[in-house]
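Each remark here refers to the structure printed beneath this line.
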Amino acid sequence: MLSAQNLAIEFSDRTLFRDLSFVINPKERVALVGRNGAGKSTLLKVLAGLQRPTSGSVAVDNDTTIGYLPQVMQLADDTTVRCETEKVFDHLQRLAGQIDSDRRALAERTDTDSADYMRLVERFSHLSERYRLIGGDNYQAELERTLLGLGFEPADLDRPTKEFSGGWRMRIELAKILLQRPDILLLDEPTNHLDIESIAWLEQQLVRSGCSVVLVSHDRVFLNRVTQRTMEISCGRLYDYRVAYDDFVRLRTERREQQLRAYENQQKEIADIKDFIERFRYKPTKAVQVQSRIKQLNKIVPIEIDDVERDELHLKFPPCLRSGDYPLVCDDVSKSYGDHCVFRHVGLTLRRGDKVAFVGKNGEGKSTLVKCIMREIDHDGTLKIAQNVQIGYYAQNQAQLLDDNLTVYETIDQVATGDVRLHLRDILGAFMFGGPASDKKVKVLSGGERSRLAMIRLLLQPVNFLILDEPTNHLDMRTKDVLKEALLAFDGTLIVVSHDRGFLDGLATRIYEFHHATVSEHIGDIYDYLRKKQLDDLRDYNTYKSDPQPAEAEPPSQGKQSYEAQKEQQRLLRRAEKRVAEAEAAVADKEQAIAALEEQIATPEGASDSQLAQDYVALQKELEAAMAEWEAAEEDYQQTKAI
């Protein structure tokens, strides 16, 4: 379907990658991983045909369509959500217009016996049939189903796109790509702007779509649920594993350990040979043995060990003045845009050293409240900032606000003051911008590199109150872990807006949920909140689904209801998991049998064996049936899990 041969990308100061060759087969879902700046986004652009490689080529089968979602794009704000999404179906609308024109012409014509009239009838019939076959009768339903799956409400579809945050507008672009039904999907960090519910919906769509997917993401759970193959770009080379992400991590570690053992054994052998040569080089009686050892040494092929990126990212927040005991107090704070109420009657008080998280769907007001705190927008109610509070603010679009024409070093040099200016090169090196990388222009940086650079700017300023709005977007897994460790050690007050459950786990001790214009407080960490929310949702679901109790029956206690609901949910989930496991095993057995049969058919004797050919066709049909059963089992499991 798509093949890359010997791809290389070179910049003036370095080679990004070289000799990348691989094939993307039909229905394959591939994770493309690697550290920030390794070239993942660049490779997607090359595959999408938006950037030419320095050398090598990309071949795509005829009639194969490609859909590409970049990390950052320019979004239109001059229409409604529905109209913007309908642009995908311009060809259907043009076809519908032609059909209506022909219908009116047929109604007005009176020469029903003429050849020209019959040609018009034939064209009208052909266009009508084509319109029906390509989904013209139900594309509106499909459009609404996709937008609702990505988190939009029915009332949102006719709202102007300019009323939505950047995250919601990116969802519109993702919906447009999904509705195009391309043969190959190239997705660069699609979960950055999605909440947990929408991520789960997208997981199911990608698994069930039947298209090929090449996916860049730093969401470990998402990768494991969607992909079956992992390609890593590391130190300019490509490593291909036919397994999901967690298995890839394990296999990569095992491979390097094997290489190290083989390398150590080879080095010992080389040392022994060299020692023998040096000891007996000048002894005539050992001349034959010495020459033999020299030849043996020259024939040894050095064992290569995969490069490991050992650069370490050290984050340390500089000391700052002690803030007041209550850095932030919100009392009856509300915000509306015209008739649209973002939130109302918000009351929250943060003590010095508190670490809290703002969670909820995009557009529910998290970033809006942050902007109120930062005095960027007006609001109703009272919002007080204590004395000596020095706020460090990392916005969602912080990385895009950097000056493209400056170098990495110049970007940092602009904000650095005092003695820290003497150590700028060391600081940049600690953030993986050492050596020539510090002289790169900002405009050539990847999304992750820009985010990391924006974070450095923040860290160079002493603060005692941090507000981070989606700080983990575009950061790789290792960098997220290091940032989290630094935040855990931060002795100031922290507000973090994030959908990343792994990042919030153990970091935030209070959760503020933004939902339907209200803000509610939950004591505990993110998983305490999610467990409570899941139980509440499950309780509501079972109350809605259950038959009414007889009037004389005593309703069970709330605690018993929750326990029984959990017990039934776990039983159904175990049964669904077992069905998926059995279906996966059946698919694996069929694929193994087909592979063995293909080896037999590849031999001269097997190529002429008609029985082998019949067995091969039968196994292919059995594999299709097994795949259908697996897809049904997986869908049942996801639906059960979502309850």
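Using the Karplus curve 6.51 cos²θ - 1.76 cosθ + 1.60 with θ = phi - 60°, what ³J(HN,Hα) values do you get for each residue of the stretch 120-129, in whole Hz, with x for Gly and Pro?
After applying 6.51 cos²θ - 1.76 cosθ + 1.60, I find 5, 4, 5, 5, 4, 5, 5, 5, 5, 5 Hz.
Rounded if a/c is under 1.5, else prolate if a/b beats b/c, else oblate: with a ≥ b ≥ c from the C-alpha gyration tensor eigenvalues square-rooted, which is the chain?
The shape class here is oblate.
Which of 93, 362, 489 sits closest to the plus end of the dipole of the chain, meaning its Cα is farthest towards the positive end, when Lys and Arg get +1 and Asp and Glu get -1 on the C-beta?
489
Give 40/621; 484/578; 87/335; 335/532; 45/176 a once-over and call out the pairs whose C-alpha atoms are over 30 Å from each other.
The pairs that break the limit, which is 30 Å between Cα atoms, are 40/621; 484/578; 87/335.
Sort 281, 82, 579, 322 by heavy-atom solvent-accessible area, probe 1.4 angstrom, most to least.
322, 281, 579, 82
Please list, in chain and number order, the residues 5+ apart from residue 16 or on another chain whose amide H is under 5 Å from its amide H, with Hs placed from the backbone.
9, 10, 11
Can you give me the solvent accessible area of residue 84 with a 1.4 Å probe, rounded to the nearest 10 Å²?
Around 10 Å² of this residue is reachable by solvent.
Separation of the stretch 191-247 and the stretch 450-473 by C-alpha centroid, Å?
27
Run the dipole for the stretch 1-63 about the Cα centre, Lys and Arg Cβ at +1, Asp and Glu Cβ at -1, nothing else charged, and hand back the magnitude in debye, nearest 20.
260
Considering only protein heavy atoms, with the full assembly of protein chains and a 1.4 angstrom probe, order 417, 407 by accessible area, largest first.
417, 407
Run through the DSSP bridge list for the chain and note the antiparallel percent, rounded to the nearest 5.
Of the beta bridges lying entirely in the chain, close to 50 percent run antiparallel.
Can you compute the charge dipole magnitude of the chain about its Cα centre, using +1 on each Lys and Arg Cβ and -1 on each Asp and Glu Cβ, nothing else charged? Give it in debye, rounded to the nearest 20.
So the magnitude is around 2440 debye.
Using alpha carbons only, how many angstrom separate the centre of the stretch 88-146 from the centre of the stretch 577-591?
One Cα centre to the other: 46 Å.
Output the peptides 136-144, 181-189 sorted from most to least packed, where packing is the average of other Cβ atoms within 10 Å over each peptide's residues.
The most tightly packed comes first, giving 181-189, 136-144.
Please list, by residue number, every one of the chymotrypsin sites (Phe, Trp or Tyr not before Pro) in the stretch 227-302 that is coil in DSSP and has at most 14 other beta-carbon atoms within 10 Å.
Answer by residue number: 282.
Less than 12 Å Cβ to Cβ from residue 218, Lys/Arg counted +1 and Asp/Glu -1: what total charge do the surrounding residues give?
-1
Considering Cα pairs under 8 angstrom that are at least six residues apart, work out the relative contact order of the chain and quote it in whole percent.
About 13 percent, as a whole number.
With both partners inside the stretch 163-256, how many of the DSSP beta bridges are antiparallel, as a percent to the nearest 5?
Rounded to the nearest five, the antiparallel share is 50 percent.
Rank these residues by their accessible area, most exposed first, probe 1.4 Å: 321, 612.
321, 612
List, in order, the whole-Hz ³J(HN,Hα) value for each residue of the stretch 628-638 obtained from phi through the Karplus relation with A = 6.51, B = -1.76, C = 1.60 and θ = phi - 60°; use x for Gly and Pro.
Residue by residue, the stretch 628-638 yields 4, 5, 5, 4, 5, 5, 5, 4, 4, 5, 5 Hz.
The values are calculated or read from the model by the stated rules, or taken from the named source; none is laboratory data. Computed from a prediction, not measured in an experiment: that's the story for all the values here. With ideal geometry, Cβ positions are generated from the backbone for all residues, glycine too; neighbour counts draw on all protein chains shown. With ligands, DNA and RNA removed, areas are computed over all heavy atoms of the protein, side chains included. Shrake-Rupley method; radii C 1.70, N 1.55, O 1.52, S 1.80 Å.
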